[in-house]
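Shown next, in structure tokens, is the structure this report addresses.
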Ligand SMILES: NC(=O)c1ccc[n+]([C@@H]2O[C@H](COP(=O)([O-])OP(=O)(O)OC[C@H]3O[C@@H](n4cnc5c(N)ncnc54)[C@H](O)[C@@H]3O)[C@@H](O)[C@H]2O)c1
């Protein structure tokens, strides 16, 4: 899709991190913004900062895990701007635990935000984007964890593999229909955000902390936090995403070194080998220009 000034972008999880960087990048392209996040005060800060820079912003506190809230976001977006050109299903959370350490509440939370959040975004926005009949684009934010199976990330891996296959199916279904909507699935390795502090976005009664976790989960959480801290700058990632939308790239692998890890997984499957363990440090050092 060619991004034109005045077009409308909807971004979930936009209060900070990758979502905020995408909002700043979308404004730089002259787009109008619909920003959603569960963290109302931080969302308001981001929206105010962009408004002061001249952006036309609609900000709505939204829990993407709740279908009715995402429907209300779509209603508000179409009521305000009449149309949507770019939908970025970005909101996400992480729990670093093995399958047996992951509680039912953890599974519900991670799948609710990371997978159902994307499902709700597609249900709420795609029919109306199709009705508009104009070119548009959908970016679903998965992770390299959607293409490989990193250790101690059970629920996160499942949610992100779900987002990848959901995006592939969406691409096929839109092509079959002859729709003018492109699709991309974003699969980064580490990016410098607060994803390792996701617990902040969780309802208080469900909160756990690293100290309460078993030895595997505690160690994994510390490794993730360290890798994220040395990850790619979100602004650089946003540049790559926008260049990819304009080039209509489907798989956006932002960290070149992860390609070998994906290839190793496919080779394991095709050659009937036991799974190769991906190193948790993948993608943490080398950044790539768009
Ligand atoms: N940071 C990384 O290394 C990395 C790597 C690969 C993929 N990702 C993905 O990128 C996306 C953005 O994460 P980030 O790294 O910017 O993390 P972040 O924690 O900095 O930002 C996530 C944003 O999502 C919001 N959010 C959380 N739960 C929500 C909910 N239920 N409804 C609406 N908003 C909610 C948070 O308030 C926050 O503003 C996620 O989907 C994440 O899985 C991140």
Item checked: Which numbered condition residue 75 fails, given (1) within 15 Å of the ligand (Cβ to nearest atom); (2) within 18 Å of residue 138 (Cα to Cα) -> (1)
Checklist line | Cβ pairs under 6 Å, 6+ apart, first in region 238-253 and under 16 Å from residue 4 (Cβ atoms), second loosely packed, with under 15 Cβ neighbours inside 10 Å | finding: 243/290
Item checked: Meets criteria (more than 10 Å from the ligand (Cβ to nearest atom) and touching a helix residue (DSSP H, G or I) at 6+ places or on another chain (Cβ under 9 Å)) for residue 104 -> no
Check: Can you name every residue in region 61-72 that is part of a helix (DSSP H, G or I) and surrounded by fewer than 24 Cβ atoms within 10 Å (Cβ to Cβ)?
Finding: 67, 68, 69, 71, 72
Margin query: I want to confirm something. Restricting to region 131-146 and keeping residues that are surrounded by fewer than 23 Cβ atoms within 10 Å (Cβ to Cβ) and part of a loop (DSSP other than H, G, I, E, B), which single residue is farthest from the ligand (Cβ to nearest atom)?
Written below: 133
Next item on the list: Within region 34-42, identify whether any single residue is part of a helix (DSSP H, G or I) and either more than 25 Å from residue 143 (Cβ to Cβ) or more than 19 Å from the chain's Cα centre (by Cα) (or both), and answer yes or no.
Entry: yes
Check: Is there a residue being in contact with a strand residue (DSSP E or B) (Cβ under 9 Å, 6 or more places away or on another chain) and not in a helix (DSSP H, G or I) anywhere in region 115-130?
Finding: no
Margin query: Please go through region 1-33 and give me each residue that is more than 16 Å from the chain's Cα centre (by Cα) and either near the ligand (Cβ under 9 Å from one of its atoms) or part of a strand (DSSP E or B) (or both), ordered by number.
Written below: 8, 32, 33
Note to self: Can you pull out every residue in region 82-101 that is part of a loop (DSSP other than H, G, I, E, B) and either under 17 Å from the mean Cα position of the chain (by Cα) or within 16 Å of the ligand (Cβ to nearest atom) (or both)?
What the structure shows: 90, 91, 92, 93, 94, 95, 96, 97
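Read-outs throughout are calculated quantities, based only on the coordinates presented, and are distinct from any laboratory measurement. Fair warning: this is a prediction, and the values are worked out from it, not measured in the lab. Here the Cβ is made from the backbone with ideal geometry for all residues, glycine too, and neighbour counts use every protein chain on show.
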